[in-house]
Amino acid sequence: MSPGPCESPMRPQPYVVRGVRRETHDVFTLELEPAGDAAPLAFGPGQFTMLYAFGMGEVPISISGDPAGNTMLVHTIRAVGTVTRALERCRKGDVLGVRGPFGTCWPVDEAAGKDVVLAAGGIGLAPLRSVMYRLLARRERYGRIALLYGTRTPEDIVYRDELEEWRGRLDLNVQVTVDRAGSDWRGNVGAVTTLLPRAEFDPANTVAMFCGPEVMMRFTMLALMKRGLQAEQMYLSMERNMKCGIGLCGHCQLGPFFICKDGPVFPYDRVKWLFGREEI
Amino acid sequence: MPKMITEQNLRALIDLLVKEGSRVVGPKAAGTMTLYEPLAAGEELVLTELPRRSAKEAFFPLCETILTYAKGEEGVQVNDIDPARFPETVLVAVRPCDAAAPGILDAVFSWDYDDQFYQERRKKTAIIGLACTKADDACFCTAVGLSPAETQGSDLFLTPLSGGGFRVEAVTEKGEKLLARYSQLFGEAGSAQPLPPAEPGGEKLELARIKAWLDANFESPLWQEIADRCAGCGACAFLCPACHCFDINDEGTEAKGARRKSWDACGFAKFTNHASGHNPRDAQNKRYRNRLMHKFKYYDDKFGKHLCTGCGRCVRACPVGIDIKAVLDEINSK
């Protein structure tokens, strides 16, 4: 499922910015193409790259594009620090460095023949979008698909056009909620867990995947366990400060795991003993 | 017959190796310190002191450039540093606590991806170990399963003889080759008696018992007790032969510059800091706990080894007097 190891893992390959799209006031999407005649990056949904603004630094960013051999490498990024703000200033034609892809993948193939529940919080929708592309490319392989997405306010909704398109499909259950909204919002308000009662699935035959703040993932898991899911049916993507991306530098250590290499996607039963201990 | 080498010939061996173009690294006076540094001649070798920093920097330098880049008309040119250019190296007079460290670090620097810089230096380095005949109060190699006469980790091993000079033992094939190649400098040990090895004090630690306690005590008042003193200075990590964490940083501008890899320490407040301001290990007790857990539990969970050789450097250097051996003794007694 996951492509083989990255060949020159410490060498940023030059990529040219081909597209910049504003998602929200602080989130943007970059479309990147390898410079020269280098081949497009093969990746599995859930993997990330180390995205490098030359002279500024690197950040781990999950890949949010279509894994099916699209020539563009797509990253959706929230501008919060020095490097992501530098990335936000990128325009078409600028050159960035890319290392990767790194890390583990979502169990998209393992989910074949099963119902799928995806729960995303905020920018956590980015790596799950790659999962959606993969599921939709082979829609007939899966049972019911629910995508539950929560974000801060209606203005913070990313991929709005796509969400609306998916929401219009009869073979998908797409639900969106926000933490707070003005009086002009007609949608749901509340945590992602408030959407769960509307998701239908067979607890015995479901795979669930989460990406978002740890507290959101914890409560989603607890709620799904009440609905009958077992720990081994649930997968989550973890996040930590990263430097090397290849399991050497120690920055992303979470207990015995290096998130960059043993993760970022973990089966919940592998990490449940340390989950919720935010200080690890 | 066992071999021996006089101190004079050991220094002559260094001269010869340097002349032949090898990089020879050994304890050397460096300002007020003794450090493992490149030797220009055998006479620079210091045999009386444990160097301030460990020998790991011969494989894993404090700071090194890993690539450079320059923006030009045709995009960005990324220039690699070719590890093939690293010189053949002989590490001389390495204490057993330092010689043991690469064998521990090999696990993390090759468990999945190889650290090419480390691996290339490791491959090209021969280690001439030296037994310790004296220890200080901070030494505790015997407590973690090593000893002042431990040959593992060395390619060639020297034991001081009572009448001067050293008994020589080839531990690996690399060592055999050194012995054969420079046979003119080695003599027969005859009946010369080795000096007795040093006897570091301190109770032996039951590392399996300590690990079992760590497995069960992620939450314990102990962490706060230690952290109430910890200054988060990182000296322990910088002196440790087995700490492997590093940072990658950029020196230069958008147009031109270098990426550098440099030692880092999980005791630093910003080690885990996210750009968003969220810091998963946001207090010193959590950081100290991670240091101890990494050394005696996590690394063991992952690689079946512990990240400590008992060199005692962290104990000697700690500005607030945190003694890792005392902490381990306390855990050992629980």
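The values are calculated or read from the model by the stated rules, or taken from the named source; none is laboratory data. Small disclaimer: the values here were computed from a predicted structure and weren't measured. No Cβ is skipped: glycine too gets one built from the backbone with ideal geometry, and neighbour counts run over all protein chains shown. The area values use the complete protein model at the heavy-atom level, side chains included, leaving out ligands, DNA and RNA. Shrake-Rupley method; radii C 1.70, N 1.55, O 1.52, S 1.80 Å.
What the table shows:
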quantity	calculated
Å² per residue, accessible surface of the stretch B:243-292 at 1.4 Å	38 Å²
Estimated FRET transfer efficiency (residue B:255, residue B:88; beta-carbon r; R0 30 Å; 0.05)	0.25
Spin-label model distance (nm) - residue A:37 vs residue A:219, 7 Å beyond Cα toward Cβ	5.4 nm
Charge dipole magnitude, Cβ of K and R +1, D and E -1 - the stretch B:202-334, Cα centre, debye nearest 20	300 debye
GluC sites (Glu not before Pro) within the stretch B:179-282: DSSP coil, no more than 16 neighbouring Cβ in 10 Å	B:203, B:206, B:219, B:254
Modelled FRET efficiency - R0 22 Å, residue A:140 with residue A:167, Cβ distances, 0.05 increments	0.60
Eligible lysines near residue A:226 by straight Cα distance, threshold 29 Å, same-chain separation 8 or greater	A:114, A:272
Solvent-accessible area, 1.4 Å probe, carbon plus sulfur percent, for the stretch B:93-207	48 percent
GNM flexibility winner over chain B from B:235, B:40, B:180 (Cα, springs under 10 Å)	B:180
Nearest-10 value in Å² for the accessible area of residue A:21, using the 1.4 Å probe	100 Å²
Accessible surface buried once B binds A (1.4 Å probe; total of both sides; Å²)	3600 Å²
Label-point gap, in nm, between residue B:114 and residue A:272 - each point 7 angstrom along Cα→Cβ	4.0 nm
Chain B - mean residue ellipticity at 222 nm from DSSP helices (-39,500 (n - 2.57) per run, n ≥ 4, rounded to 500)	-7500 deg cm²/dmol
Debye, to nearest 20: dipole size of the stretch A:13-101, +1 on Lys, Arg Cβ, -1 on Asp, Glu Cβ	220 debye
Gaussian network model of chain B, Cα within-10 Å springs - most flexible of B:27, B:197, B:280	B:280
Label zone at residue A:112, where the point sits 7 Å out along the Cα-to-Cβ direction: the stretch A:223-244 residues whose backbone N lies under 14 Å	none
Efficiency of FRET between residue B:152 and residue B:233 - r from beta-carbon atoms, R0 35 angstrom, step 0.05	0.65
Given charges at Cβ of Lys, Arg, Asp, Glu: chain B dipole, positive-most of B:24, B:304, B:280	B:280
Residue among A:113, B:146, B:5 farthest towards the positive dipole end of the protein assembly as shown, charges placed on Cβ	A:113
